[in-house]
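Novice: Below is the structure I would like to discuss, written out as structure tokens.
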Amino acid sequence: IGLFFVIVAQMNYQMGTAVRMGPGYFPTVLGGMLAVLGGIVLFDSFIIDGEKVAKFHFRPLLFILASSLAFAYLLKPLGLVLASAALIFISAFGGHEFKWKEVAWLTLVLVIFAVVVFVKGLTLPFPICPSFVDNCPIR
């Protein structure tokens, strides 16, 4: 993959110099670093003995995907608070153990953090409350 990006960047963009970088400089350097790192990992995989690769579990992957989609679809109609709560609860079902009390506390802390950082701190225009609530207590 790294070599692909190096080749495409070299063919389509001007390289420039380290002092005056062109549009192909960053993809070339990053692709080169990725290729070198991939070569090291590949070389080590043939030399070092290790345990077998564990079975791939689809359950966590599916729940994380479902929670991300739910957040994307629920943000506008339900607001940041309820969409974030849905994201956290759905993704928590993907773990090997689910404890309602722990997930509820985690949800409370993360929702407060999201509102403070993204809405208050960065002033991003996220709706906080559902669209059907006329007087939102959180402003």
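The values are calculated or read from the model by the stated rules, or taken from the named source; none is laboratory data. Computed from a predicted model, the values in this text were never measured in an experiment. Cβ: placed from backbone, ideal geometry, glycine included. Neighbour counts: every protein chain shown. Keep in mind that these areas ignore ligands, DNA and RNA; they rest on the heavy atoms of the full protein, side chains included. Shrake-Rupley method; radii C 1.70, N 1.55, O 1.52, S 1.80 Å.
Novice: Identify all residues within segment 93-107 that are in a helix (DSSP H, G or I), more than 22 Å from Phe118 (Cα to Cα) and open to solvent by less than 90 Å² (accessible area, probe 1.4 Å); write none if there are none. Outline the logic, then answer.
Specialist: We begin by selecting, within segment 93-107, every residue in a helix (DSSP H, G or I); these are 100-107.
Restricting the remaining residues to those that are more than 22 Å from Phe118 (Cα to Cα) gives 100-102.
Passing the criteria: none in range.
Novice: Which count do you get for residues in segment 122-137 that are at pLDDT below 80 and open to solvent by 70 Å² or more (accessible area, probe 1.4 Å)?
Specialist: Of the residues in segment 122-137, 5 are at pLDDT below 80 and open to solvent by 70 Å² or more (accessible area, probe 1.4 Å).
Novice: Also, quick follow-up: Tell me, which residue of segment 44-87 that is among the charged types (D, E, K, R) and touching a residue at least 12 places away in the same chain (Cβ under 8 Å) is most open to solvent (accessible area, probe 1.4 Å)?
Specialist: Looking at the filtered set, the residue picked out is Lys76.
Novice: Before we move on, is Leu110 surrounded by fewer than 16 Cβ atoms within 10 Å (Cβ to Cβ), touching a Phe, Trp or Tyr at 6+ places or on another chain (Cβ under 9 Å) and touching a residue at least 24 places away in the same chain (Cβ under 8 Å)?
Specialist: Taking the combined requirement at face value, the residue does not satisfy it.
Novice: Which of (1) modelled with pLDDT of 90 or more; (2) more than 30 Å from Leu124 (Cα to Cα) does Ser45 not meet, given it meets every other one?
Specialist: The single condition Ser45 does not satisfy is (1).
Yes or no, residue by residue, for (1) free of Cβ contacts under 8 Å to residues at least 40 places away in the same chain; (2) more than 24 Å from the chain's Cα centre (by Cα); (3) exposed (fewer than 12 other Cβ atoms within 10 Å of the Cβ):
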{"position": "Val19", "(1), (2), (3)": "yes, yes, yes"}
{"position": "Gly24", "(1), (2), (3)": "yes, yes, no"}
{"position": "Pro27", "(1), (2), (3)": "yes, no, no"}
{"position": "Leu34", "(1), (2), (3)": "yes, no, no"}
{"position": "Leu37", "(1), (2), (3)": "yes, no, yes"}
